[in-house]
Amino acid sequence: MNIKDHIKKNSTFEYYKDSALWFKTEDTNFIFPVPIADIGNATFNKTEKSLLLMRYIRKHIASISN
């Protein structure tokens, strides 16, 4: 699946586990983590544009593909 398939709509916060916020894309129901260490002072809403989270989607795809 192409990265573009995952970022057309929004991603919704699902749960917190192992020092990461886990989001699910509305497009493909792909679940991916956003590490707390990367967040700093940023605010994450329950729903975020998937395009803004593309870095984390791409990282997780790479980690499960290996």
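State yes or no: is Thr28 of a type in the set (Ser, Thr, Tyr) and more than 15 Å from Lys4 (Cα to Cα)?
Numbers: of a type in the set (Ser, Thr, Tyr): yes; more than 15 Å from Lys4 (Cα to Cα): no.
No.
Please verify whether the stretch 8-17 includes one or more residues that are touching a helix residue (DSSP H, G or I) at 6+ places or on another chain (Cβ under 9 Å), at pLDDT below 95, surrounded by 15 or more Cβ atoms within 10 Å (Cβ to Cβ) and not aliphatic (A, V, I, L, M).
no
Okay, residues lined up against (1) among the polar types (S, T, N, Q); (2) touching a residue at least 12 places away in the same chain (Cβ under 8 Å); (3) part of a strand (DSSP E or B); (4) in contact with a strand residue (DSSP E or B) (Cβ under 8 Å, 6 or more places away or on another chain):
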residue: Glu14; (1), (2), (3), (4): no, yes, yes, yes
residue: Thr28; (1), (2), (3), (4): yes, yes, no, no
residue: Val34; (1), (2), (3), (4): no, yes, yes, yes
residue: Asn45; (1), (2), (3), (4): yes, yes, no, yes
residue: Glu48; (1), (2), (3), (4): no, yes, yes, yes
residue: Met54; (1), (2), (3), (4): no, yes, no, no
residue: Ile64; (1), (2), (3), (4): no, no, no, no
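The values are calculated or read from the model by the stated rules, or taken from the named source; none is laboratory data. Nothing here was measured: the structure is a model prediction, and the numbers come from that model. With ideal geometry, Cβ positions are generated from the backbone for all residues, glycine too; neighbour counts draw on all protein chains shown.
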